[in-house]
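The values are calculated or read from the model by the stated rules, or taken from the named source; none is laboratory data. Source: prediction; values computed, not measured. Reconstructed Cβ throughout: ideal geometry from the backbone, glycine too, with neighbour counts over all protein chains shown. Accessible surface areas use protein heavy atoms only, side chains included; no ligands, DNA or RNA. Shrake-Rupley method; radii C 1.70, N 1.55, O 1.52, S 1.80 Å.
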Amino acid sequence: MPYAPLLSETDVADRLQQLPEWRREGDWIMRTVRCPSFRAAIDLVNRVADVAESADHHPDFEINWRRVTFKLTTKAAGGLSHKDFDMAAQIEAEASRAGEAAE
């Protein structure tokens, strides 16, 4: 059994509608969050790291001063699975909890 089954194009589109701040690029979904400070950006990444460890599903991320870009794909499955969208929802919760803004 695969790590996580890939979602159909219809399922991906439906899940993206539930996450309006996220966009798709190929087999990835991504979102950039603008934090109030560099320290807040690092704190956000640390909170997401804790969630990712618990879920055993880890985003790629890039920190650029107070902006953090999160990228998700299910590498073991070769595309997008429910794990990506579940993690994106958890990232949204962490970002909104601290008042970070979308970019």
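Applying a DSSP loop filter and a limit of 14 other Cβ atoms within 10 Å to the chymotrypsin sites (Phe, Trp or Tyr not before Pro) in the range 2-103 leaves TYR3, TRP65.
A viscosity of 0.692 mPa s and a temperature of 37 °C, combined with the Kirkwood radius over Cα pairs in Stokes-Einstein, give a translational diffusion coefficient for the chain of 240 µm²/s. Give the shape of the range 22-61 as rounded, prolate or oblate, defined through the alpha-carbon gyration tensor: a ≥ b ≥ c are the square roots of its eigenvalues, a/c under 1.5 means rounded, and otherwise the shape is prolate if a/b is larger than b/c and oblate if not. Because a/c hits 1.5 or more and a/b fails to exceed b/c, the range 22-61 counts as oblate. Database remark: amide H of THR74 closer than 5 angstrom to the amide H of GLY79, LEU80, SER81 (H placed geometrically; neighbours at sequence offset of 5 or more, or on other chains; Pro and chain starts carry no H). Relative contact order of the chain, taken over Cα pairs closer than 8 Å and 6 or more residues apart, is 38 percent.
Computed from backbone phi, the HN-Hα couplings of the range 84-89 come to 5, 6, 5, 5, 4, 5 Hz, rounded to whole numbers (Karplus: 6.51 cos²θ - 1.76 cosθ + 1.60, θ = phi - 60°; Gly and Pro given as x). Taking the accessible area of the chain, probe 1.4 Å, and keeping the other protein chains in place, the carbon and sulfur fraction comes to 49%.
The simple spin-label model puts a point 7 Å past each Cα toward its Cβ; for ARG39 and THR69 those points are separated by 2.7 nm. The stretch between ASP56 and TYR3 holds 18.0 nm of extra length on full extension. This uses 0.36 nm per residue minus the Cα-Cα distance.
Candidates TRP22, LEU80, VAL45 compared by Cα position along the dipole of the chain: farthest toward the positive end lies VAL45, with charges placed on Cβ. This model, with +1 at the C-beta of Lys and Arg and -1 at the C-beta of Asp and Glu, gives the chain a dipole about its Cα centre of some 340 debye. Accessible surface computed residue by residue for the range 22-103, with neighbouring protein chains in place and a 1.4 Å probe, gives 50 Å² per residue. Tell me the net charge near ASP56. Cut-off is 12 Å between Cβ atoms, ASP56 excluded, with +1 for each Lys or Arg and -1 for each Asp or Glu. It works out to a net charge of -1.
Between HIS82 and TRP28, the modelled label-to-label distance comes to 2.5 nm, taking each label 7 Å out from Cα in the direction of the beta carbon.
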